[in-house]
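Q: Can you read through this structure? Questions will come right after.
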Amino acid sequence: MERSTIVRVHEGLHARPATRFVKLAKGFESDVELVKDGKAVSAKSSVKLMLLAVKENQEVTVRANGADAIEAVEALIGYLENPRAGLDDESEAGEGGSEAAAAPEVSPPVAAPADGTRKLQGVAASEGVAIGPAFAHFPAAIEGPGRRLQADQIDGEVERFRAAVAQVQARMDRTLAEDNLSAGDRGIVAALRDIAADDSLTGEVERLISEGDDAVSAVIGAASTIAADFSAVDDHYLNARADDVHAVGRQICLVLLGQDELSLETIPQGAILIADDIGAWDLARAPLKRIGGVVCGHGGATSHIAIIARSHGIPAVLGLGGKVNDLRSAKEVAIDGNAGHVIADPDGTARADFTRRVEAAAQERAGLKVFKGVTPTRADGTVIEVAANIGSLEEIEAAQEAGAMGVGLFRTELLFMRHMHLPSEDMQAETYSALAKAFAPHPVIVRTLDIGGDKPIAGIEFPDEENPFLGWRGIRMCLDRPDIFKRQLRALLRAAVHGNIKVMLPMVSEIAEVTRTRALVDECEAELRAEGVEHASFDLGVMIETPAAVLISPALAKEVAFFSIGTNDLTQYIMAADRLNPTVAKLNDVTNPAVMAAIELTAKAGVAAGIMVGMCGEAAGRPDLIPAFIKMGLTELSMSPASIQRAKKTIAAMAAER
Ligand code: PEP
Ligand code: MG
């Protein structure tokens, strides 16, 4: 019995839909296969299904053989043809997504100029400086004993392997039951548990054991084969599952060997943790208060490790690549999380410099604490909102600890990058609602998806572009993909019930982009009303980050409720100097008179129209520039939480001068 169909499952049979499909298939006695391009795999193995890389709108055949073959084919075809089933799955925050998949590509590390110290350049992932004893965390690779089994030992070895798998699964279930896990962590563990339970791994291990391999060697062999299959698929997100397979294999081997994973429990106070990679799972449960800094071969500024480090105020340099091995034997390490570099065994001069900077930073932090609760005002009594730039719910605590008066920029990209699917409306509504509730009655400005060819995400096919920064990004992409955009707008309308949500559009360069968005918002509101779903309206604003937006700012100001100046992009576009290109870093300077003139023009237009003018680019947190911005008429400055108290102090000092 077989039937063919076109797959309508949103974004194809990636992790969660594959798991759902397998669960359905396992409910039938019949042997069930899924066939694509002449290749048939068991529909009862999520690993095999994922490796088939079935995409939305592809033709597949479901084939069943057994007593309940008709029912099986009908049920599975029903699933494939009903895209809602796939969408529902996405509401399970983080499930099926692994942080390995979410981490953006990091640029290869470049060695900093030699200066008598071993200085390594990586990605500045969490700001701050630290110096401390090195704590190298490089769990040894497990090697199989390569023991050949006698025929009468095989059954016992299979039993031993099955017991180890059960133990690993039970441990993962216990972890999933803990309620201190974040949604992202939960997703990672759930994905690992799926793999541990998968027939293709267990089947291959048992086959190798039956051929005489000992269990540890068999697990290593099977995991390597499956991981290699994932690495070979032409899909960035499936490639990242190779790491998951290795992680599961390692857990099973440790149980078989009666060993524990190398623990982070013994890390000394103030030590710098050095690792090739640390599972977000391990780091989240480590004694974070004792960790002075984090240095990793893997990871980037938006990886889960970076988020955990930032939310705990731990300086971090990630993405060092193989260079991290140079730090294995270091006794002491100095780390600069602002510049993104690491010095192994600093010499006397570097040591003194870091010690001085660490002490100065600690002193400044202590002195700034009194500004946490200050509400800064201008001479005329107007309150200056000092808000936080954040990208995930995990960062709320740090923002509140710093004294943020709301959120001036919630970057929604991370929500999209973390998952192997586009996040569903429900999941987004939940996230934005939690954010709104956490800061109510203060405003929370959510930026609609600002993604482009430089930062690929699952579920959106980006064209190859010569200049992705001048290409299909931000509002341009969103307006071309109303399916994605409306889902976000509907989620924001639903979340607006729970607090003071405002929404802003990135990369705006013409008024039509605002009017078209407003039409979509109206459409979403009408739909929600018709569906009887609770929602509320929100203020719509724009980011000013293109020269075009600056030049039309008087007209734009009549169309929107507020401006937020994005100096990071505005500087690169005004100066025609790529913000990521170190060769033109000197030109990429917000204090250049051309950029300052653009900011002033924008402020004038906003003030004249009586709308709020704020800033959320990095410059908003610079004490040397804040007085100028306030004089121009800006009344909101949004920055990384670490800069908030210093900014409040600067504004208070302006008031004292009056
Ligand atoms: C900016 O461009 O200034 C900004 C805040 O946005 P991002 O850095 O996310 O591009
Ligand atoms: Mg920008």
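The values are calculated or read from the model by the stated rules, or taken from the named source; none is laboratory data. Every value quoted in this text rests on a predicted model; they were computed, and no experiment measured them. Note that we place each Cβ from the backbone using ideal geometry, even for glycine, and neighbour counts take in every protein chain shown. Ligands, DNA and RNA are excluded from the accessible area calculation, which covers all protein heavy atoms including side chains. Shrake-Rupley method; radii C 1.70, N 1.55, O 1.52, S 1.80 Å.
Q: Being within 34 Å of the chain's Cα centre (by Cα) and either open to solvent by less than 10 Å² (accessible area, probe 1.4 Å) or closer than 29 Å to Gln150 by Cβ (or both) is the filter here, so list the residues in segment 193-215 that pass it.
A: Ile195, Ala196, Asp198, Asp199, Ser200, Leu201, Thr202, Gly203, Glu204, Val205
Q: Separate question: Taking the options Leu528, Leu470, Leu505, Leu520, name whichever one is farther than 26 Å from Gly12 by Cα and touching a Ser or Thr at 6+ places or on another chain (Cβ under 7 Å).
A: Leu505
Q: Of all the helices (runs of 4 or more DSSP H) wholly in segment 512-575, which have at least 1 residues that are within 16 Å of ligand 1 (Cβ to nearest atom) and in contact (Cβ under 8 Å) with a residue 60 or more places away in the chain?
A: Per the criteria, 567-575.
Q: Out of all the residues in segment 481-496, is one or more of a type in the set (Gly, Ala, Ser), away from ligand 2 (no atom under 16 Å from the Cβ) and either within 27 Å of Leu470 (Cβ to Cβ) or without any contact (Cβ under 8 Å) to a residue 12 or more places away in the chain (or both)?
A: Checked against the condition, which is being of a type in the set (Gly, Ala, Ser), away from ligand 2 (no atom under 16 Å from the Cβ) and either within 27 Å of Leu470 (Cβ to Cβ) or without any contact (Cβ under 8 Å) to a residue 12 or more places away in the chain (or both), segment 481-496 yields no hits at all.
Q: Within segment 589-598, is there a residue that is outside the structural domain of Gly340 (by TED's automatic domain parsing), open to solvent by less than 20 Å² (accessible area, probe 1.4 Å) and more than 13 Å from ligand 1 (Cβ to nearest atom)?
A: Within segment 589-598 (the criterion being outside the structural domain of Gly340 (by TED's automatic domain parsing), open to solvent by less than 20 Å² (accessible area, probe 1.4 Å) and more than 13 Å from ligand 1 (Cβ to nearest atom)), the answer is no, since none of the residues qualifies.
Q: Within segment 572-583, is there a residue that is of a type in the set (Ser, Thr, Tyr), away from ligand 2 (no atom under 13 Å from the Cβ) and open to solvent by 40 Å² or more (accessible area, probe 1.4 Å)?
A: Scanning segment 572-583 turns up at least one residue that is of a type in the set (Ser, Thr, Tyr), away from ligand 2 (no atom under 13 Å from the Cβ) and open to solvent by 40 Å² or more (accessible area, probe 1.4 Å).
Q: Inside segment 602-636, can you point out the residues that are more than 16 Å from ligand 2 (Cβ to nearest atom), under 24 Å from Arg447 (Cβ atoms) and under 32 Å from the mean Cα position of the chain (by Cα)?
A: Met612, Val613, Arg622, Leu625, Ile626, Phe629, Leu634, Thr635, Glu636
Q: Just give me the residues in segment 584-598 being over 30 Å from the mean Cα position of the chain (by Cα) and within 16 Å of ligand 2 (Cβ to nearest atom), in sequence order.
A: Val595, Ala598
Q: Still on this structure, I have one more. Name the residue, out of Ala379, Ala360, Ala344, that is touching a residue at least 40 places away in the same chain (Cβ under 8 Å) and open to solvent by 20 Å² or more (accessible area, probe 1.4 Å).
A: That would be Ala379, the only listed residue that is touching a residue at least 40 places away in the same chain (Cβ under 8 Å) and open to solvent by 20 Å² or more (accessible area, probe 1.4 Å).
Q: Looking at segment 230-246, can you tell me whether even one residue there is over 20 Å from the mean Cα position of the chain (by Cα), at pLDDT below 95, open to solvent by less than 10 Å² (accessible area, probe 1.4 Å) and over 25 Å from Leu327 (Cβ atoms)?
A: Looking for residues that are over 20 Å from the mean Cα position of the chain (by Cα), at pLDDT below 95, open to solvent by less than 10 Å² (accessible area, probe 1.4 Å) and over 25 Å from Leu327 (Cβ atoms), one finds at least one in segment 230-246, hence yes.
Q: For segment 503-536, what are the residues that are within 16 Å of ligand 2 (Cβ to nearest atom) and either outside the structural domain of Gly408 (by TED's automatic domain parsing) or open to solvent by 30 Å² or more (accessible area, probe 1.4 Å) (or both)?
A: Ser509 - this is the single residue of segment 503-536 that is within 16 Å of ligand 2 (Cβ to nearest atom) and either outside the structural domain of Gly408 (by TED's automatic domain parsing) or open to solvent by 30 Å² or more (accessible area, probe 1.4 Å) (or both).
Q: Also, I was wondering about something else. Evaluate the following for Ala64: is it closer than 23 Å to Ala197 by Cα and out of contact with any Gly (no Cβ under 9 Å at 6 or more places or on another chain)?
A: Yes: the conditions hold for Ala64.
Q: Still on this structure, I have one more. For segment 13-30, give me each residue that is modelled with pLDDT of 80 or more and part of a loop (DSSP other than H, G, I, E, B).
A: The answer is Leu13, Gly27, Phe28, Glu29, Ser30.
Q: Right, here's the next one. Quick test of your reading of the structure: Arg357 fulfils all but one of (1) charged (D, E, K, R); (2) within 16 Å of ligand 1 (Cβ to nearest atom); (3) in contact with a strand residue (DSSP E or B) (Cβ under 7 Å, 6 or more places away or on another chain). Name the failing condition by number.
A: So Arg357 meets the others, but not (2).
Q: Oh, and also: What residue, among those in segment 607-627 that are under 20 Å from Val407 (Cβ atoms), assigned to a helix (DSSP H, G or I) and of a type outside the set (A, V, I, L, M, F, W, C), is farthest from ligand 1 (Cβ to nearest atom)?
A: The selected residue is Gly621.
Q: Something else: Give just the number: which of (1) more than 20 Å from Gly391 (Cα to Cα); (2) surrounded by fewer than 23 Cβ atoms within 10 Å (Cβ to Cβ); (3) in contact (Cβ under 8 Å) with a residue 24 or more places away in the chain does Arg473 not satisfy?
A: Condition not satisfied by Arg473: (1).
Yes/no per residue for (1) part of a helix (DSSP H, G or I); (2) modelled with pLDDT of 85 or more; (3) in contact with a helix residue (DSSP H, G or I) (Cβ under 7 Å, 6 or more places away or on another chain); (4) of a type in the set (D, E, K, R):
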| position | (1), (2), (3), (4) |
| --- | --- |
| Val32 | no, yes, yes, no |
| Ala67 | no, yes, no, no |
| Arg84 | yes, no, no, yes |
| Leu87 | yes, no, no, no |
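Q: While we're looking at this one, here's another question. When you go through Lys437, Lys369 one by one, which is the residue that is more than 16 Å from ligand 2 (Cβ to nearest atom), part of a helix (DSSP H, G or I) and either closer than 27 Å to Ile626 by Cα or of a type in the set (Gly, Ala, Ser) (or both)?
A: Just a single option satisfies the conditions, and that option is Lys369.
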